[in-house]
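I have a structure I would like to understand better, so I am pasting it below and will then ask my questions one at a time.
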Amino acid sequence: MSIRIEIDGTPVTTEEGRTLVDVAAEAGVYIPTLCYLPEHPALGTCRVCSVKVNGRVTAACAVQVSDGMRVEVNDPETTAARKALVEMLFSEGTHNCPSCEKSGRCTLQAVGYEVDMVSSPFPYQFPERVNDHAAQNIWLERDRCIFCQRCVEFIRDRETGKKIFSISGRGTHARIEIDAELADKMPPEQVREAVDICPVGTILQKGVGYDEPIGSRRFDVESVKDRALESSRRHNQ
């Protein structure tokens, strides 16, 4: 069913029940995301996609559009809130971009540029989380985790469906965990999937490092905004 919504004062025609962040992308309106992937169910964990829908702030990845909906993406209040959320994520972890293996391919780094972040105004916590190297093919750099839960929800053992990654603890005591026994059964392509699905440099493939680049610096040639808009268009064609 065709419906009409409004995004920042501009009328947009779309189909009822579609995800707002995808509809906005097709209309050329960028909404930053860190936990959302068009091909997977919405998680709504990072809140970096916060917008105003009919006057109320909500996560655009978790909203299905309906007729007459009024969406405010680029008003000063929500723009500042999204920037503050990104700044807090940088302050809550240890993100030394110049020395990170995923620099140039890190979504958090790219979104930081898109929201015009220069440095975080919040005190840097520099958490001390012990890295995990028990698995044969995967190294967990826990200090970089932003707890988006992509790996927890979307990377599972292919035989049993059990989760390979999980999160233990709460608040400042939370940390990402890995089931090394299940991880050791992962085929190479699934290891790469886990590395790629992580929006930061937490999940790394062992045996691959600086001598041989672990991947192209995708954000050197195109912005995260351009990638997000194009990804949404391809997914919904």
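How do 142-149, 78-85 rank on mean C-beta neighbours within 10 Å, highest first?
Working: 142-149: 21.8, 78-85: 16.8.
Highest mean packing first, the order is 142-149, 78-85.
Take the residue pairs Lys102/Lys163; Lys162/Lys206; Lys83/Lys206; Lys102/Lys225 and return only those whose Cα atoms are more than 29 Å apart. Mind showing how you got there, number by number?
On the way: Lys102/Lys163 24 Å; Lys162/Lys206 22 Å; Lys83/Lys206 33 Å; Lys102/Lys225 18 Å.
From the list (Lys102/Lys163; Lys162/Lys206; Lys83/Lys206; Lys102/Lys225), the Cα-Cα distance tops 29 Å for Lys83/Lys206.
Can you tell me which of 31-37, 49-55, 135-141, 62-68 comes out highest on packing, and rank the rest after it, using the mean Cβ neighbours within 10 Å?
Working: 31-37: 24.4, 49-55: 18.1, 135-141: 20.3, 62-68: 15.4.
My ranking of the peptides, most packed first, is 31-37, 135-141, 49-55, 62-68.
Carbon and sulfur: what percent of the chain's accessible surface (1.4 Å probe)?
Numbers: 5850 of 12300 Å².
With neighbouring chains kept in place, the figure for the chain is 48 percent.
Go ahead and run the numbers for FRET between Phe126 and Glu39, Cβ-Cβ distance against an R0 of 45 Å, rounding to 0.05.
Efficiency, from the Cβ-Cβ distance: 0.85.
Continuing with the same structure: Order the peptides 93-103, 122-132 from the highest to the lowest mean number of other Cβ atoms within 10 Å of their residues.
Values: 93-103: 16.1, 122-132: 12.4.
Packing order, densest peptide first, comes out as 93-103, 122-132.
Also: Grab the beta carbon distance between Gln64 and Tyr113, set R0 = 25 Å, and tell me the FRET efficiency rounded to 0.05. Before the final figure, lay out each step's value.
Numbers: r = 30 Å, r/R0 = 1.18.
It comes out at approximately 0.25.
If you don't mind, another one. For the pair Glu15 and Ser99, what calculated FRET efficiency results from E = 1/(1 + (r/R0)^6), where r is the Cβ-Cβ distance and R0 = 41 Å, to the nearest 0.05? All intermediate terms of the calculation are to be shown ahead of the outcome.
Values: r = 45 Å, r/R0 = 1.10.
Here the calculated transfer efficiency is 0.35.
Another question, if that's okay. Relative to a virtual label point 7 Å from the Cα of Met88 in the Cα→beta-carbon direction, which members of the stretch 100-144 show backbone nitrogen distances below 13 Å?
Residues passing the 13 Å test: 121-123.
I'd like the isolated cysteines in the chain, meaning no second cysteine's beta-carbon lies under 4.7 angstrom from theirs.
So far as the 4.7 Å Cβ criterion goes, Cys49, Cys61, Cys97, Cys100, Cys106, Cys145, Cys151, Cys198 stand without a partner in the chain.
Oh, and also: In a Gaussian network model over the chain where Cα atoms closer than 10 Å are linked, find which of Gly201, Gly171, Gly28 has the largest mean-square fluctuation.
The residue with the greatest mean-square fluctuation here is Gly171.
Between Asp196 and Asp179, what is the label-to-label distance in nm when each label sits 7 Å out along the Cα-to-Cβ direction?
It is 2.4 nm.
As a test of the formula, what do you get for the chain when each DSSP H run with n ≥ 4 contributes -39,500 (n - 2.57) and the sum is divided by the residue count, at 222 nm and rounded to the nearest 500 deg cm²/dmol?
Value at 222 nm, helices only: -7500 deg cm²/dmol.
The values are calculated or read from the model by the stated rules, or taken from the named source; none is laboratory data. Source: prediction; values computed, not measured. Positions of Cβ are generated from backbone atoms using ideal geometry, with glycine treated the same way; all protein chains shown enter the neighbour counts. To get the accessible areas, we keep the full protein, side chains included, count just its heavy atoms, and leave off ligands, DNA and RNA. Shrake-Rupley method; radii C 1.70, N 1.55, O 1.52, S 1.80 Å.
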